[in-house]
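Read the figures in this text as sums done on the coordinates, not as results from a lab. Keep in mind that what you see is a predicted model, and the values were worked out from it rather than measured. Cβ atoms come from the backbone with ideal geometry, glycine included; neighbour counts cover every protein chain shown.
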Amino acid sequence: MSSSTEAQTDLARVAEGLRTDVRRKVAALRAQLDDELRQLRWTADERAKETGARLDAADEQLARVADAYADLRKQTDGELRGARQSIARLTGEIHLIEARLRLEHGVLPIDLDGVPAELEPLVTQVRAAEEIRATILDEEMRAGYAERVDAYADLECSVAETRTRALRASRALASERAGGRAFRKAAGAYRRERERLRAQTEELRATQSGCEVALAALADDSRRQQDYRAHHGAAAVDELAAHLRERIDVAVATHALFPAWFTITELGHRPPAGRAAQWRDVATQVVLYRITHEVTHGVLALGPPPEGGHRAERYATALAGLRRLEG
Amino acid sequence: MGATELRDQTLKRQRELASRHEVLDRLDAEPERYADQFARVLDATNDLIVVLDRVDARAARRRLVVAFVLLGVTVVVAVLVAIGALAAYWLIGGLLVLTAAVTLWLGTRSGAGAGPEAGA
């Protein structure tokens, strides 16, 4: 009996010893794991810091490269522009030298202002059409006159309405019992309408002459527009422009010498390779303007600027065409 | 010019206006004479309005006189109350009379403001 009790006590002691040992080992393992985790976190932090620093350095480097690229591009653009201007100047100078050489060899500039006998009727027709077109009102003036006529018509309607109301009040005054409420009301209404009618009639009288002028101007304009349509001016202009274009084409094809008023503009001596079609159109437009308006100035391609009207519009259009060639 | 005379004139002008309207109504088919008759109708209406302006002016004058009389009554009542000839509650009546006078005077002003301007 006592031996079995001792055996049990020993077993319990051994078990207790084993438990304590296992606990110690677990604690030791946990401490080791914590250490390793701490180490790992520290390593990860260090790596992240290192990577961030590298990224910042790469950003700075990239910014420096971008700045250098922008500077280089600006410099290249400037140099290209300068080169283009130099080429244009050199081309002009070469053309000038060529022109002077040809002049010295007796080659005369082509006469773009002259009108051949076979084109004379066409030019006369174009000039006549242009004269009619010059007297046609522009949109703004036409709208102004129409507005004046409309305002007068509105005023006339208002006067008619006021007269109707005054007549109604007068009729009430004639039919209602004198001194009654309706009679007094009608008297008040008549007094108001009479004042209004007086003011409107005054205004009508003041604007009548202006309206008559506007009506006459619109009628004249309408007649001129009909004349212009009947004249077939637009078709004649197209036909003349086709002749002039052909003459310019021949001049370019035969390396003819263009006159000074032509070459000192953006048109130059030759059409540019990239914009030959545009050059041709603008050249035709300028020559057409000169022939239509009989400009013979030796230096100014379009002559002195006109004061206003349709010719000024055409002048501005031709000038804008020349400006576009420059850009 | 008396009230009866003004009344007669008003009726006379009104009859004249009515007759011109009748003529105008018959002229609907004749536009060339319509404008002329229309002007006549407006002339007749203006004549009637002139008479009505006179009537209005006369009525305004009468209202003004009545307003002054009422103002005088108010002053008399106030004096009598002040010297003790009338009891204090007479002042209530005096105040009512004064209100009536002011109302009449204001009515005269508004009538005078509208009448001559419209009749000008």
Backbone HN-Hα couplings from phi across the range B:89-101 [Karplus 6.51/-1.76/1.60, Hz, Gly and Pro as x]: 5, 5, 4, 5, x, x, 5, 4, 5, 4, 4, 4, 5
Three semi-axes of the equivalent ellipsoid, the range B:3-119, Cα gyration tensor, whole Å, largest first: 50, 12, 9
GNM flexibility winner over chain A from A:GLY274, A:GLY92, A:GLY179 (Cα, springs under 10 Å): A:GLY179
In sequence order, calculated HN-Hα J values of the range A:82-87 (Karplus, 6.51, -1.76, 1.60; Hz; x Gly/Pro): x, 5, 5, 5, 5, 4
Aspartates and glutamates with Cα under 18 Å of B:LYS12, excluding same-chain neighbours fewer than 8 positions away: A:GLU176, B:GLU22, B:ASP43, B:ASP47, B:ASP53, B:ASP56
HN-Hα J in Hz across the range A:151-160 - Karplus 6.51, -1.76, 1.60, θ = phi - 60°, x for Gly and Pro: 4, 5, 5, 4, 5, 4, 4, 4, 4, 4
Average other protein chain Cβ within 10 Å of Cβ, residues A:179-187: 2
Partner chain coverage, peptide A:162-175 - average Cβ within 10 angstrom: 4
Unit charges at the beta carbon, dipole of the range A:239-327: most positive-side option, A:ILE291, A:ALA316, A:THR254: A:THR254
Cβ crowding within 10 Å averaged over residues, with A:46-59, A:193-206 ranked highest first: A:193-206, A:46-59
Cα shape, the protein assembly as shown, gyration tensor, a/c 1.5 rule: oblate
Long-range HN-HN contacts of A:LEU257 with modeled amide H, under 5 Å: A:ILE110
Computed [θ] at 222 nm, deg cm²/dmol, the protein assembly as shown (DSSP H ≥ 4; -39,500 (n - 2.57); rounded to nearest 500): -30500 deg cm²/dmol
